[in-house]
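The numbers here are math on the coordinates, done by the rules we state, and not lab data. These figures come from a predicted structure and were not determined experimentally. As a convention, Cβ positions derive from the backbone with ideal geometry for all residues, glycine included, and neighbour counts pool all protein chains shown.
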Amino acid sequence: MDRERIRQAVRAIGSYDFGESTTPLFEVDALINASHGEPQARAWLEEELGELLTADAGLAAKQEVCRRLWRIGTDASLEQLAQLLADNDPNVVAAACYAIGRRPSQRADAVLQAALGTAPVACRAAIEHLIEERG
């Protein structure tokens, strides 16, 4: 699988917003499906998706990226997801929690604990809930 093709497909969802064409999302999903059994391609996808989280993407794009990281994410994208846990928008924090939710790692637990101390008060509920679920 070609890294440039992955980069272009992921970047296309960076401007996604609610109500727009979902074609770019389906293209990334097809790449995710095609990357099954190809660890290098999976790593590229995760890296590109993670970078999109730190770009100037809107809520809808961040939510869609988090949905895909829920499927394929590893601890490699925790740094970018941790940044979302400090966002002022509870919807962004909830999307990050969703992406982290399936990772049974101590590093993910540590990221959640650290975020609990720095997240805006209005956004802590999703983090607290996920910590309880993982406990």
### Query
About its Cα centre, what dipole magnitude does the chain give when the only charges are +1 on Lys and Arg Cβ and -1 on Asp and Glu Cβ, stated in debye to the nearest 20?
260
### Query
Looking only at 50, 19, 58, which one moves most when the chain is put into a Gaussian network model with springs between Cα atoms under 10 Å?
19
### Summary
For the pair residue 109 and residue 3, the simple spin-label estimate (label points 7 Å beyond Cα toward Cβ) gives in nm 3.4
#### Entry: Percent of Cα-Cα distances greater than 18 Å, calculated over the range 3-134
50
### Task
Express the relative contact order of the chain as a whole percentage, based on alpha carbon pairs under 8 Å and six or more residues apart in sequence.
21
### Query
What spacing in nm lies between the two simple spin-label points modelled at residue 121 and residue 74, each 7 Å away from Cα in the Cβ direction?
4.1
#### Entry: Whole-Hz ³J(HN,Hα) from phi, Karplus 6.51 cos²θ - 1.76 cosθ + 1.60, for the range 113-123, glycine and proline x
4, 5, 5, 4, x, 10, 5, x, 3, 5, 10
### Message
Taking the 0 to 90 degree range and rounding to the nearest ten, how far is the long axis of helix 124-134 tilted relative to the main principal axis of the chain, both from C-alpha atoms?
### Response
80
